[in-house]
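Chemist: Sharing a structure here in structure tokens format.
The values are calculated or read from the model by the stated rules, or taken from the named source; none is laboratory data. These numbers come from a predicted model, not from an experiment. With ideal geometry, Cβ positions are generated from the backbone for all residues, glycine too; neighbour counts draw on all protein chains shown.
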Amino acid sequence: MRVFTKRNAVIGWLVTRVARRRLERRLNELAGNQRGRLWPKVVTTLATGAAVTAGALVARRVARTA
């Protein structure tokens, strides 16, 4: 029977990676470094682009019917 399997290796790697990120985050907060929040910026940019595109399509449709 094998004690160390590939599945155990993958699970161990994932757990170690998550633990390392949590530790780094906590140490950065203690050091006073703010975490860069990229996702809100990406979501805001995509939402703005979608709103501009929708507005342009509505304006185009209104201009055609008028």
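Chemist: Report, by residue number, each residue of region 14-43 that is loosely packed, with under 10 Cβ neighbours inside 10 Å and outside any helix (DSSP H, G or I).
Modeler: Correct list: G32, Q34, R35, G36, R37, L38.
Chemist: To continue, here is another question. Looking at the structure I just gave you, is A47 more than 23 Å from the chain's Cα centre (by Cα), surrounded by 10 or more Cβ atoms within 10 Å (Cβ to Cβ) and at pLDDT 85 or above? Give the steps one after another, and end with the answer.
Modeler: Values: more than 23 Å from the chain's Cα centre (by Cα): no; surrounded by 10 or more Cβ atoms within 10 Å (Cβ to Cβ): yes; at pLDDT 85 or above: yes.
So A47 fails the test.
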